[in-house]
6 protein chains.
Amino acid sequence: MHPVSRFPIPELDTLPEDIRTRIVEVQEKAGFVPNVFLAWAHRPEEFRAFFAYHDALLEKDGGLTKAEREMIVVATSSLNHCHYCVIAHDAILRIRSKQPLIADQVAVNYLNADLTPRQRAMLDFAVKVAERSHEVSDADFAALRQHGLDDEDIWDIGAITALFALSNRVANLLALAPNAEFYTMGRAPGKV
Amino acid sequence: MHPVSRFPIPELDTLPEDIRTRIVEVQEKAGFVPNVFLAWAHRPEEFRAFFAYHDALLEKDGGLTKAEREMIVVATSSLNHCHYCVIAHDAILRIRSKQPLIADQVAVNYLNADLTPRQRAMLDFAVKVAERSHEVSDADFAALRQHGLDDEDIWDIGAITALFALSNRVANLLALAPNAEFYTMGRAPGKV
Amino acid sequence: MHPVSRFPIPELDTLPEDIRTRIVEVQEKAGFVPNVFLAWAHRPEEFRAFFAYHDALLEKDGGLTKAEREMIVVATSSLNHCHYCVIAHDAILRIRSKQPLIADQVAVNYLNADLTPRQRAMLDFAVKVAERSHEVSDADFAALRQHGLDDEDIWDIGAITALFALSNRVANLLALAPNAEFYTMGRAPGKV
Amino acid sequence: MHPVSRFPIPELDTLPEDIRTRIVEVQEKAGFVPNVFLAWAHRPEEFRAFFAYHDALLEKDGGLTKAEREMIVVATSSLNHCHYCVIAHDAILRIRSKQPLIADQVAVNYLNADLTPRQRAMLDFAVKVAERSHEVSDADFAALRQHGLDDEDIWDIGAITALFALSNRVANLLALAPNAEFYTMGRAPGKV
Amino acid sequence: MHPVSRFPIPELDTLPEDIRTRIVEVQEKAGFVPNVFLAWAHRPEEFRAFFAYHDALLEKDGGLTKAEREMIVVATSSLNHCHYCVIAHDAILRIRSKQPLIADQVAVNYLNADLTPRQRAMLDFAVKVAERSHEVSDADFAALRQHGLDDEDIWDIGAITALFALSNRVANLLALAPNAEFYTMGRAPGKV
Amino acid sequence: MHPVSRFPIPELDTLPEDIRTRIVEVQEKAGFVPNVFLAWAHRPEEFRAFFAYHDALLEKDGGLTKAEREMIVVATSSLNHCHYCVIAHDAILRIRSKQPLIADQVAVNYLNADLTPRQRAMLDFAVKVAERSHEVSDADFAALRQHGLDDEDIWDIGAITALFALSNRVANLLALAPNAEFYTMGRAPGKV
């Protein structure tokens, strides 16, 4: 197994200012640098585009809670067997949901997880976009609207799924390893 | 979600003596009663047959270590999206391997996990038995023998996979929920 | 092709008493020893557990007829391309149903077989448990109840399917060959 | 289940002369009229084209024996779960091979059947044409030539597979039922 | 890539009279000889059977328009990744429908193409026959009848799909190359 | 069918300056505004991130030609049945390769297309990343290096595939329609 990535990890001080700043910020907040930042920094333009896309979809306010956005990431990354994405976003989901068990449940089989009917509908749709997006139909939109999701929410569900279709494939290409910290973060109930 | 199982959970004192004894023993050892014991006790004859099969394959000595036997369980139960089996045997694998990270790695994508070549060959074969056992050929046996595995080891790999093909399906039939304890057991390095 | 199994077939007189007795009994009843008994006897503990599980599910009374239990075996073993299980249980199904044609129909495509609506629902569910048990839902239980099947019957359908998920995989691991007798047993209408 | 076909079965004396003659001939030879003749006669032009194609590929001399041609039919029709084709051609294969067991073996799992290496290679290729013909490559031709098959034999293997890709689909469209006679024909060793 | 076919292309003047005539006729009409005629002529009997079947289903009058028949060919040949069939029948569909865009739409994803509900139902059924014909049920017939399709139309949809299940496989076996003319035919709106 | 997208198309003069400028530039260059620009403009931040990612991978110099980059887009978008992506990038591939036939070949079945061995290896890898990225191994890298591709080229192949895993899913979510211009662009040999 590659320690972090199949590709070179740049030295922090060789990186463009904006990328270095982003990495320092996340380190201060999380206490460590998630490997996804180091690995993507090998390609600065792709780094900027990826995290811009990420922030636009995962850090925004809107109809979906931040925990629900992470559920989409975990459920679809698990289908793609993405080592980094499942372990890292399991941790983020535990923290954002303040429910220490839900992430592992969604990763193994969201159909048996402790979800609201709305969350279940949301993940059914995300899985459809992940696996057979060409079958998405107006009827799917109608079904989601019955759970109080509007068209902007549906775009978000689909686009988050699509973004992780990208990041799962890149992470698997790199054999990107999750930091050891992610495995245990947020496992104590109600804590981060 | 069903709290433990879709089927009734018998009262302990209504159970046959041998089953009650087994349950009390596991409780004393683990500190709690894993739900698999309670759920299967709804059918005493099947309880006895299942745990007899289980002990014959998982608790025996032989060419495979106990941790390697658990890897087979985790890798194939994950393919079958068995909520109970993945969460519970992740915990047992962490404890038996004394490696806190390996279980999640095997559950998400054993192809990217920190395994020896022999373990990788073992899991390749287990996955073949789990998904397309009718394609097993003498050539598969020859490949495993090159990793120092003998025919009895190969039987063990195949039979463990087969036993969990059974238990994954029953657990999914029951919507068997893992005990909360399993999610965190063995996550501290070198501890149980 | 291996004559009976990829693994050694023990001499009858080397076997533990209970196993030898069981084999002698089946020989007296059937007129020959089905190879499954000889092959599993290589592992006495697994032999005992397997046939205990088998008898608990296939030989019991209950809401499903014995022929219906065999239909489940044939339909799901066919999906798993299990040479031994399809040929042997085709024979048993012909005998138990007293319908010489139904077994081959179920083996090729149960969707086109001469079944009652209840049997069709039963096999639809068995196939779901065999192929994607993680999708089993409360709605499946409700659908089966509409055909007069109760929860114990549903456990039976699921558990029989699960047991043959095990035995199909072991039989394929062993390349277990069906006895020549099975191919023609029960083909004359109303006879055994 | 439909007795013979979802579509009307024409009266023999309303059929065009050539079709009636063909049906009478097969009846005299086999002792009954296989349902495929009655069902296809609903469309006389398609009847003529189908049996012309059939005779050109199945009744010809050449590098493949007639039994080998039937093995291709059975192996690929089984993948397509074609009730009529598997039951009827199992019978024809038993008769043409004079081996009463081989047909059921090929129908369940040709990978475990009593075949020569050449027959195994032939069926591997047929299954590839049946399931993913777009992946056929020059390397497949080279592999078959190593078993002494020439390009005309390879065309035959592929074209027989293709013809039954057609007939399996039409038979399934019609829910075409096999005649009861087929189930038992050729089961006594060396007899027809 | 093979220029036309993996198999020999016969000289026109060595061909039987009826086949030569057919080829000359199509050349006069189309301005070139589609490679399918040259490639199949390697086997005169199969040539006659194939084009007889083809004409019986594609050139007939009936409930389906000729453009609709071609849609079935394009949608199902695309699933089979048949190079020749998709490129050639895309052209024929453009010409017969007088809609220059519809063919590419159907080839990529008929679920998003500009179709009437009846055409959509027709292609849903064709795809089912192409991919899992053993699941065709009386309910499928009922659904098609609701779109005004009668049983003869349904036979046509199924049989056209079945014929191209054959021709896709043969064309892929041959690596049959489409003539360059097909790529651009009928792309100007309303023209041929 | 939705004329352009399931979601609203913003008026050009309501868009942020940078996005309007980009759209005007592409219109001047291409003679029309490809619908992908209009549809993504509904979400300006995602628009910027997507086209930044796109330009970083598709417009750069490097070991892969621009035509080869488009081949990757066409081959993998076809697997995802993405209407917009296949039709639009077929056109771009025709133009960039100056080969009017190659794009349709790659879209239907790249295994039968007129490719160099290096291009074939490149697309084999892209398809693996698209469909089962978790199986990517060091052996795949070694195989690509044998065709003269270095690690940066391999990143490009994987990342282009990943980017279109995203864009195929978003385009299918939107039911994004290709502009009519794309269907015929670049079909005359050597012209644009």
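The set of residues from region F:64-102 being within 14 Å of chain A (Cβ to nearest Cβ) and in a loop (DSSP other than H, G, I, E, B) comprises F:80, F:81, F:82.
Taken as a whole, the condition of being surrounded by fewer than 24 Cβ atoms within 10 Å (Cβ to Cβ) and not hydroxyl-bearing (Ser, Thr, Tyr) does not apply to residue A:104.
Restricting to region C:148-178, name every residue that is of a type outside the set (A, V, I, L, M, F, W, C) and more than 15 Å from the chain's Cα centre (by Cα). Selection gives C:148, C:150, C:151, C:152, C:153.
Which of the residues belonging to region F:2-41 are at positive phi and in contact with an Asp or Glu (Cβ under 6 Å, 6 or more places away or on another chain)? Working first, answer last.
Of all residues in region F:2-41, those at positive phi come to F:31.
Those that are at positive phi and in contact with an Asp or Glu (Cβ under 6 Å, 6 or more places away or on another chain): none in region F:2-41.
For region D:67-74, the condition of being under 17 Å from the mean Cα position of the chain (by Cα), open to solvent by 50 Å² or more (accessible area, probe 1.4 Å) and under 22 Å from residue D:186 (Cα atoms) holds for none of the residues.
Would you pick out the residues in region F:143-152 that are surrounded by fewer than 19 Cβ atoms within 10 Å (Cβ to Cβ), away from chain A (no Cβ under 12 Å) and not basic (Lys, Arg)? Across region F:143-152, the qualifying residues are F:143, F:146, F:147, F:148. Looking only at region D:154-185, which residues are in contact with a Leu (Cβ under 6 Å, 6 or more places away or on another chain) and either open to solvent by 10 Å² or more (accessible area, probe 1.4 Å) or more than 9 Å from every other protein chain (Cβ to nearest Cβ) (or both)? Of everything in region D:154-185, those that are in contact with a Leu (Cβ under 6 Å, 6 or more places away or on another chain) and either open to solvent by 10 Å² or more (accessible area, probe 1.4 Å) or more than 9 Å from every other protein chain (Cβ to nearest Cβ) (or both) turn out to be D:156, D:160.
Let's see how each residue does on (1) touching a Lys or Arg at 6+ places or on another chain (Cβ under 7 Å); (2) open to solvent by 40 Å² or more (accessible area, probe 1.4 Å); (3) more than 14 Å from every other protein chain (Cβ to nearest Cβ):
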| site | (1), (2), (3) |
| --- | --- |
| E:10 | no, no, no |
| E:13 | no, yes, yes |
| E:17 | no, yes, yes |
| E:33 | no, no, yes |
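Within region C:107-124, the set of residues being buried (at least 24 other Cβ atoms within 10 Å of the Cβ) and free of Cβ contacts under 8 Å to residues at least 12 places away in the same chain comprises C:112 only.
Checked against (1) within 13 Å of the chain's Cα centre (by Cα); (2) modelled with pLDDT under 95; (3) not hydrophobic (A, V, I, L, M, F, W, C), residue E:90 passes all but condition (2).
Within 13 Å of chain F (Cβ to nearest Cβ), surrounded by 18 or more Cβ atoms within 10 Å (Cβ to Cβ), within 25 Å of residue A:130 (Cα to Cα) and modelled with pLDDT of 95 or more: is that true of residue A:46 in this structure? Show your work before the answer.
Values: within 13 Å of chain F (Cβ to nearest Cβ): yes; surrounded by 18 or more Cβ atoms within 10 Å (Cβ to Cβ): yes; within 25 Å of residue A:130 (Cα to Cα): yes; modelled with pLDDT of 95 or more: yes.
Yes, satisfied.
For first residues located in region E:50-66 and among the charged types (D, E, K, R), partners that are open to solvent by 10 Å² or more (accessible area, probe 1.4 Å) and part of a loop (DSSP other than H, G, I, E, B) and lie 6+ apart or on another chain with Cβ distances below 8 Å form the pairs E:66/E:59. Return the residues of region A:2-41 that are under 19 Å from residue A:91 (Cβ atoms), assigned to a helix (DSSP H, G or I) and of a type outside the set (Lys, Arg); say none if nothing qualifies. Matches in region A:2-41: A:23, A:25, A:26, A:27, A:28, A:30, A:35, A:36, A:37, A:38, A:39, A:40. With respect to (1) closer than 30 Å to residue E:4 by Cβ; (2) modelled with pLDDT of 95 or more, the lone exception for residue E:116 is condition (1).
Once region B:120-142 is narrowed to residues that are more than 16 Å from the chain's Cα centre (by Cα) and over 23 Å from residue D:110 (Cα atoms), the residue that is nearest to the other protein chains (Cβ to nearest Cβ) is B:120. When C:61, C:55 are checked against the criterion of being open to solvent by 10 Å² or more (accessible area, probe 1.4 Å), within 16 Å of residue B:53 (Cα to Cα) and of a type outside the set (A, V, I, L, M), a single residue qualifies: C:55. Listed conditions (1) over 28 Å from residue E:176 (Cα atoms); (2) within 14 Å of another protein chain (Cβ to nearest Cβ); (3) modelled with pLDDT under 95 are all met by residue F:51, apart from (3).
In region E:46-61, is there at least one residue being out of contact with any Gly (no Cβ under 8 Å at 6 or more places or on another chain), farther than 24 Å from residue E:99 by Cα and not in a helix (DSSP H, G or I)? Can you show your working first?
We begin by selecting, within region E:46-61, every residue out of contact with any Gly (no Cβ under 8 Å at 6 or more places or on another chain); these are E:46-61.
Filter again for farther than 24 Å from residue E:99 by Cα, leaving E:46-53, E:56.
Within this subset, residues satisfying the condition of being not in a helix (DSSP H, G or I) are none.
No, the conditions are met nowhere in region E:46-61.
In a residue-by-residue description of region B:176-192, the property of being modelled with pLDDT of 95 or more, closer than 22 Å to residue C:162 by Cβ and in contact with a Ser or Thr (Cβ under 8 Å, 6 or more places away or on another chain) applies to at least one position. Across region B:78-90, the number of residues qualifying as touching a Ser or Thr at 6+ places or on another chain (Cβ under 8 Å) and open to solvent by less than 10 Å² (accessible area, probe 1.4 Å) comes to 3.
Is it the case, given these coordinates, that residue D:139 is under 23 Å from residue D:94 (Cβ atoms) and free of Cβ contacts under 8 Å to residues at least 24 places away in the same chain? So that I can check it myself, show each step before the final result.
On the way: under 23 Å from residue D:94 (Cβ atoms): no; free of Cβ contacts under 8 Å to residues at least 24 places away in the same chain: yes.
Spelling it out, it is not the case that residue D:139 is under 23 Å from residue D:94 (Cβ atoms) and free of Cβ contacts under 8 Å to residues at least 24 places away in the same chain.
The values are calculated or read from the model by the stated rules, or taken from the named source; none is laboratory data. No experiment lies behind these values; they were computed from the predicted model shown. Note that each Cβ is placed from the backbone with ideal geometry, even for glycine, and that neighbours are counted across all protein chains shown. Areas reflect the complete protein model, heavy atoms only, side chains present, ligands, DNA and RNA absent. Shrake-Rupley method; radii C 1.70, N 1.55, O 1.52, S 1.80 Å.
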